[in-house]
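What follows is a set of notes on a single structure, which appears directly below.
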């Protein structure tokens with residue numbers, strides 16, 4: 001056993017050119033699937049891992065290839081979004097031709113359309129659909145024993161295919177991701193905050209799953225699969241937060257798909273923070289139909305200083321069509337009340353809208369602009385409606401050419417697919433008008449500067465990243 005050779009496993013998150021060139025502020029979030037797998041592998045003495053994240057350490061393609069060839073991995077695990085398919089397959093071909101490692105693809109795109117990665121000419125040996133952590137360990141065990149990995153949840157190859165989507169039912173089986181201090185500092189969220197210190201972000205997940213049925217939702221914007229919500233033990237979350245604080249973290253980014261979907265979990269998390277005497281501030285995603293004033297008060301007491309809300313639209317018809325809410329008739333009123341309550345509690349708010357939704361008209365966008373002013377959020381974020389593979393809207397499309405065109409899109413880039421009742425040029429114009437109407441107001445500028453000026457002085461990286469946003473504000477409207 002002492003002479004057993006360690007198996008080298010290379011973990012890679014790529015970054016597509018279209019994302020780099022989008023001209024929109026881009027947060028750098030933790031790739032949790034890969035980080036959890038890295039943590040699991042580090043508990044095994046016969047695996048040697050190398051994790052490379054192209055989002056935080058961009059390299060020319062040839063340089064990356066050269067470095068990996070020198071390391072000589074036995075197994076390569078790579079994640080892929082739709083925009084990254086060509087890149088990861090090119091990488092896999094180079095590796096297969098020169099090293100012949102066993103290659104596994106995970107993530108949004110392989111999960112949604114595994115056949116694009118598993119075919120006779122593909123260099124990929126298998127795909128794991130869904131949440132891959134425990135399935136990847138099962139695959140490794142089978143490979144080590146020389147067995148065919150039958151029955152591994154979510155695993156697809158040329159020889160066999162499990163039709164299920166892998167899910168980790170017990171999140172407490174996943175050890176907390178580990179970071180070096182240098183690595184941790186590179187994962188950043190570029191929002192201004194009412195926080196007057198130099199930011200050091202820590203990223204955590206407290207749940208997986210989302211019970212809602214939004215037709216546009218896919219793993220491009222999600223951190224998990226499925227409607228069933230699974231919660232981590234609050235005690236383990238507290239231990240992870242303490243470990244992050246030991247690395248200097250002073251702000252938490254809770255990356256849950258829908259942190260507020262279970263009020264009891266939110267209360268348990270907040271009470272655990274307060275009970276442990278942990279003083280740290282945090283941000284999370286939330287929904288306006290899931291919050292009460294009492295819950296907001298507890299969240300604020302436990303350190304919440306910003307909430308991000310997907311408002312999407314003010315149109316009842318649009319909201320109903322995209323299945324954003326079961327009660328679209330009261331959605332706007334819920335939003336107005338929650339934003340007012342958050343403002344009274346000094347919780348900053350980010351309102352997110354989509355432009356180009358199915359059935360949306362130019363008048364709907366104008367109404368959304370008015371709603372954004374009525375909500376009075378601290379920040380506004382827009383994206384184009386994008387039906388990525390994995391979304392229920394994409395699954396309903398029969399036109400194969402349209403699907404191929406969708407695969408070329410990025411939701412912050414000038415959009416090549418338009419599902420609204422506006423023509424393409426009008427859709428783009430309304431997108432720019434929406435941003436300009438919100439941000440280019442003297443009253444907003446003065447209020448924003450007074451509120452966040454000191455933050456920007458202490459966190460100039462955030463300021464300079466946000467300056468890329470001016471490309472959108474200064475676009476000419478034809």
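Before moving on, here are some points about what is shown:
- Filtering 213, 286, 255, 227 for residues that are closer than 27 Å to residue 106 by Cβ and buried (at least 18 other Cβ atoms within 10 Å of the Cβ) leaves a single hit, 255.
- Candidates 22, 39, 80, filtered to the one that is at pLDDT below 95 and either closer than 19 Å to residue 133 by Cβ or assigned by TED's automatic domain parsing to the domain that holds residue 104 (or both): 22
- Residue that is under 21 Å from residue 57 (Cα atoms) and in contact with a helix residue (DSSP H, G or I) (Cβ under 8 Å, 6 or more places away or on another chain), where the choices are 215, 220: 220
- Of all residues in the range 111-158, those satisfying the criterion of being assigned to a helix (DSSP H, G or I) and more than 23 Å from residue 226 (Cα to Cα) are 140, 141, 142, 143, 144.
Conditions (1) out of contact with any strand residue (DSSP E or B) (no Cβ under 6 Å at 6 or more places or on another chain); (2) without any contact (Cβ under 8 Å) to a residue 12 or more places away in the chain; (3) farther than 21 Å from residue 408 by Cα, marked per residue:
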residue: 76; (1), (2), (3): no, no, yes
residue: 90; (1), (2), (3): yes, no, no
residue: 94; (1), (2), (3): yes, no, yes
residue: 98; (1), (2), (3): yes, no, yes
residue: 103; (1), (2), (3): no, no, yes
residue: 112; (1), (2), (3): yes, no, no
residue: 118; (1), (2), (3): no, no, no
residue: 122; (1), (2), (3): yes, no, no
residue: 126; (1), (2), (3): no, no, yes
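- Verdict on residue 419 being touching a residue at least 40 places away in the same chain (Cβ under 8 Å), at negative phi and touching a strand residue (DSSP E or B) at 6+ places or on another chain (Cβ under 6 Å): no
- Filter pass, residue 401 being in the same structural domain as residue 306 (by TED's automatic domain parsing) and within 28 Å of residue 332 (Cα to Cα): no
- Residue 203 vs. criteria surrounded by fewer than 21 Cβ atoms within 10 Å (Cβ to Cβ) and either outside the structural domain of residue 347 (by TED's automatic domain parsing) or modelled with pLDDT of 95 or more (or both): no
- So residue 387, is it at pLDDT below 95, more than 16 Å from residue 437 (Cα to Cα) and either in contact with a strand residue (DSSP E or B) (Cβ under 6 Å, 6 or more places away or on another chain) or surrounded by 22 or more Cβ atoms within 10 Å (Cβ to Cβ) (or both): yes
- Considering the conditions (1) outside the structural domain of residue 385 (by TED's automatic domain parsing); (2) buried (at least 17 other Cβ atoms within 10 Å of the Cβ), residue 178 is excluded by exactly one of them, (2).
- Residue check, residue 74 modelled with pLDDT of 95 or more and surrounded by fewer than 19 Cβ atoms within 10 Å (Cβ to Cβ): yes
- Test: residue in the range 328-349 that is part of a strand (DSSP E or B) and over 20 Å from residue 210 (Cα atoms): yes
- Across the range 57-106, the qualifying residues are those that are in a loop (DSSP other than H, G, I, E, B) and out of contact with any helix residue (DSSP H, G or I) (no Cβ under 7 Å at 6 or more places or on another chain), and the one among them that is nearest to residue 10 (Cα to Cα) is 73.
The values are calculated or read from the model by the stated rules, or taken from the named source; none is laboratory data. Given the structure is predicted, the values throughout are model-derived calculations rather than measurements. Positions of Cβ are backbone-derived with ideal geometry, glycine not excepted, and every protein chain shown enters the neighbour counts.
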